[in-house]
Amino acid sequence: MATVQVSEAEKVYILHGIRDDLRVDGRSCEDYRHMEIETDVVSNTDGSARVTLGHTAILVGIKAELGKPRPTLPDEGYLEFFVDCSANATPEFEGRGGEGLGVELTNTLYKVFSEKHSLDLKSLCIIPEEHCWLLYVDVLLLQCDGNLYDAISIAIKAALFNTKIPKVHISEAEEGGNEIELSDDPYDCMRLNVENVPCIVTLCKVGHRHVVDATLQEKACSVASLIIAVTHKGKVTCVRKVGGGSLDPESIFEMTGAGKRVGKCLHAPLMKLLQQEETLGSKRQKVGFLG
């Protein structure tokens, strides 16, 4: 994770502000920075989105390919995640510096999407045990200014909403078996229901309080963080502690409650914005979110 050096005087200033619910940039402890979202930004994908949160910038591209269902889940498609930490995002990612973070982020995404109801994977099955859709979800970190998990989860939800999968027509082959044909009509496509796809809320313990959407400076003052994946109904699907420090049970309870509250509030404005973007189509402007 990208880090910054913070002097003792800066730490005291940040800690005292957070104690009084007033952060350096004027936000309260549970406020996000201004966020912007664009969809359909990468032409050679089936769905894509770009999210900027403060100076953190994330690009997600989704590619649908025909595959074979897994033996343990013969009537479902599945997702494959890959996170690339661009060397341009921060000097710390140069060489192989971002590999460890990329693996950590990828593993968290698999855990978040292991919840059975996050996405209707049965809708990705074409013929049980034979053919299904495999969605490759590629995440690129373009710029790193803190709070990667939240920005990535919102970008993935936006890209999945934007994804258009060709309709499949099944017919019997002359030599037996099934023959599948993909529609080449861009309007003859299947869309994904992303309503239950969770958003991640990261809470950083700073002093005796916790903050959402921490900047790199605030992160440097934090002892530990909790990442919480929350659905639009406020259901928690994944909780993970990150960072080297420890959290007492009371802090975990308070942070989980705050994460549920904040996470539940993210979904409605996000879905409204995505629907507006789609309606406006090519006439759309870059739209602010939670600003």
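Collect the residues in region 172-220 that are small (Gly, Ala, Ser) and without any contact (Cβ under 8 Å) to a residue 40 or more places away in the chain, keeping them in residue-number order.
Matches in region 172-220: 173, 176, 177, 183.
Has region 18-28 got any residue that is within 30 Å of residue 178 (Cα to Cα) and free of Cβ contacts under 8 Å to residues at least 40 places away in the same chain?
Among the residues of region 18-28, not one is within 30 Å of residue 178 (Cα to Cα) and free of Cβ contacts under 8 Å to residues at least 40 places away in the same chain, which makes the answer no.
Given the criterion at pLDDT below 90 and surrounded by 14 or more Cβ atoms within 10 Å (Cβ to Cβ), identify the matching residue among 243, 288.
Just a single option satisfies the conditions, and that option is 243.
Just one of 246, 225, 251 is part of a strand (DSSP E or B) and touching a strand residue (DSSP E or B) at 6+ places or on another chain (Cβ under 7 Å); which is it?
Just a single option satisfies the conditions, and that option is 225.
Across region 126-147, which residue is surrounded by the most Cβ atoms within 10 Å (Cβ to Cβ) among those that are farther than 30 Å from residue 171 by Cβ and of a type in the set (Val, Ile, Thr)?
So, considering only residues that are farther than 30 Å from residue 171 by Cβ and of a type in the set (Val, Ile, Thr), the one surrounded by the most Cβ atoms within 10 Å (Cβ to Cβ) is 139.
Here are some conditions: (1) assigned to a helix (DSSP H, G or I); (2) under 12 Å from the mean Cα position of the chain (by Cα); (3) within 21 Å of residue 259 (Cα to Cα). Residue 202 meets all but one. Which one does it not meet?
Every condition holds for residue 202 apart from (1).
Condition first: outside any loop (DSSP other than H, G, I, E, B), within 20 Å of residue 48 (Cβ to Cβ) and among the aliphatic types (A, V, I, L, M). Now tell me which residues in region 102-135 satisfy that.
105, 109, 112, 124, 134, 135
Need the failing condition index for residue 84 against (1) modelled with pLDDT under 90; (2) farther than 30 Å from residue 261 by Cβ; (3) over 14 Å from the mean Cα position of the chain (by Cα), just the number.
That leaves (3) as the condition not met.
Against the definition (surrounded by 14 or more Cβ atoms within 10 Å (Cβ to Cβ) and part of a strand (DSSP E or B)), how does residue 150 come out, yes or no?
no
Can you tell me which residue among 250, 218 is of a type outside the set (Lys, Arg), at pLDDT 90 or above and over 25 Å from residue 109 (Cα atoms)?
250
Those residues that are of a type in the set (A, V, I, L, M, F, W, C) and farther than 18 Å from residue 107 by Cβ, I need them from region 225-235; list them, please.
230
Within region 1-75, considering only strands (runs of 3 or more DSSP E) that don't extend past its boundaries, which have at least 2 residues that are loosely packed, with under 13 Cβ neighbours inside 10 Å and in contact with a strand residue (DSSP E or B) (Cβ under 6 Å, 6 or more places away or on another chain)?
Because the criterion is at least 2 residues that are loosely packed, with under 13 Cβ neighbours inside 10 Å and in contact with a strand residue (DSSP E or B) (Cβ under 6 Å, 6 or more places away or on another chain), no strands (runs of 3 or more DSSP E) in region 1-75 meet it.
The values are calculated or read from the model by the stated rules, or taken from the named source; none is laboratory data. The model shown is predicted, which means the values in this text are computed figures rather than measured ones. When we count neighbours, we look across all protein chains shown, and the Cβ atoms used for this are built from the backbone with ideal geometry, even at glycine.
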